[in-house]
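Peer 1: Would you mind keeping the following structure in view while I ask a few things?
The values are calculated or read from the model by the stated rules, or taken from the named source; none is laboratory data. Because the structure is predicted, anything quoted here is derived from the model rather than measured. Methodologically, a virtual Cβ is constructed for each residue, glycine included, from the backbone with ideal geometry; neighbour enumeration extends over all protein chains shown. Ligands, DNA and RNA are stripped out before the accessible areas are found, and what is left, the full protein with its side chains, is counted by its heavy atoms. Shrake-Rupley method; radii C 1.70, N 1.55, O 1.52, S 1.80 Å.
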Amino acid sequence: MLISSTVADERLTTAHRAKLAYVYVRQSSVNQVRQHQESTELQYRLVDRAIGLGWPPERVQVIDEDLGKSGAGGVDRHGFQKLIAEIGLGNAGLVVSLDASRLARNNRDWHQLLELCSVFGVLIADGERLYDPRAYHDRLLLGLSGIMSEAELHQLRMRLHQGERQKAARGELRLPLPAGLAYDRAGTIVLNPDEEVRARLHLVFAKFRELQSARRVMRYLELDA
């Protein structure tokens, strides 16, 4: 059930605007941050979305500590934890994100956010709609968005795994190599061509033979740095 913009605007109260609006910005990897700059800029422009909903610019906070971090479970996202803390402290009146996948790619984090927003009366907005987690139909739509986001991540992983299997079957799969090794143009594993890298590795092994302890080697390298 879609809710008209008029009804959505009526849900914004003075109590909401008396608190802060938080814009959450996230990209899943460093490569995405570098290669999909337009997407990142679009997320930063959500500040204008919050201002358009009635928040003064000085009361709109951007949380972007999770740029380059996956929204899947098991990943430390300090920005998301900061957002959860601000909601729990009663400081938030609005949370703005481009879509559900930016806030979380797993249902545990997503439903934790929804529950806290419901308890503390925080509204959630994306690029198109405004949601009230306390309203049945909005909560239903938000729940489905979280499920679809997690399912999409699962499909992406499956496709990536299938691609790796096909490369392995052709003998073209290249796995990440330990420090000091590299692939040459022919695909052969060789020592890193960087002389400084090779010198540091030789130093590590030489010091280990001398000191007979990895901890002592670490201390030596820390002092040497």
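Peer 1: Quick check: is even one residue across segment 163-174 at positive phi, at pLDDT below 90 and not hydrophobic (A, V, I, L, M, F, W, C)? Don't jump to the end; show me each part of the working.
Peer 2: Within segment 163-174, the subset at positive phi is 171.
Within this subset, residues satisfying the condition of being at pLDDT below 90 are 171.
Subset that is not hydrophobic (A, V, I, L, M, F, W, C): 171.
Yes: segment 163-174 contains one or more residues that are at positive phi, at pLDDT below 90 and not hydrophobic (A, V, I, L, M, F, W, C).
Peer 1: Would you confirm whether or not segment 188-207 contains a residue that is touching a Lys or Arg at 6+ places or on another chain (Cβ under 9 Å) and free of Cβ contacts under 8 Å to residues at least 12 places away in the same chain? Spell out the reasoning first.
Peer 2: Here is the first cut: in segment 188-207, the residues touching a Lys or Arg at 6+ places or on another chain (Cβ under 9 Å) are 191-192, 207.
Checking the rest, the ones that are also free of Cβ contacts under 8 Å to residues at least 12 places away in the same chain come to 191.
Yes, because at least one residue in segment 188-207 is touching a Lys or Arg at 6+ places or on another chain (Cβ under 9 Å) and free of Cβ contacts under 8 Å to residues at least 12 places away in the same chain.
Peer 1: For ARG139, state whether it is surrounded by 11 or more Cβ atoms within 10 Å (Cβ to Cβ) and touching a Gly at 6+ places or on another chain (Cβ under 9 Å).
Peer 2: no
Peer 1: Could I ask something else about it? Kindly provide the set of residues from segment 197-217 that are within 25 Å of LEU177 (Cβ to Cβ) and surrounded by fewer than 13 Cβ atoms within 10 Å (Cβ to Cβ), ordered by number.
Peer 2: ALA199, HIS202, PHE205, ALA206, ARG209, ALA214
Peer 1: Among the residues of segment 81-123, write down those that are surrounded by fewer than 23 Cβ atoms within 10 Å (Cβ to Cβ), closer than 23 Å to SER39 by Cα and not basic (Lys, Arg).
Peer 2: GLN81, LEU98, ASP99, SER101, ASN106, ASP109, TRP110
Peer 1: Okay, moving on. Take the residues of segment 43-69 that are basic (Lys, Arg) and assigned to a helix (DSSP H, G or I): which is modelled with the lowest pLDDT?
Peer 2: Applying the filter and picking the extreme gives ARG49.
Peer 1: Moving to a separate point now. Any residue in segment 121-140 that is under 20 Å from the mean Cα position of the chain (by Cα), of a type in the set (A, V, I, L, M) and more than 24 Å from HIS16 (Cα to Cα)?
Peer 2: No: zero hits.
Peer 1: Further question: Take segment 144-193 and flag every residue that is open to solvent by less than 70 Å² (accessible area, probe 1.4 Å), under 30 Å from the mean Cα position of the chain (by Cα) and of a type in the set (S, T, N, Q).
Peer 2: If the condition is that a residue be open to solvent by less than 70 Å² (accessible area, probe 1.4 Å), under 30 Å from the mean Cα position of the chain (by Cα) and of a type in the set (S, T, N, Q), then SER145, SER149 are the ones that fit.
Peer 1: For segment 9-43, which residues satisfy the criterion of being open to solvent by 80 Å² or more (accessible area, probe 1.4 Å) and without any contact (Cβ under 8 Å) to a residue 24 or more places away in the chain?
Peer 2: GLU10, THR14, ASN31, ARG34, GLN35, HIS36, GLN37, GLU38, GLU41
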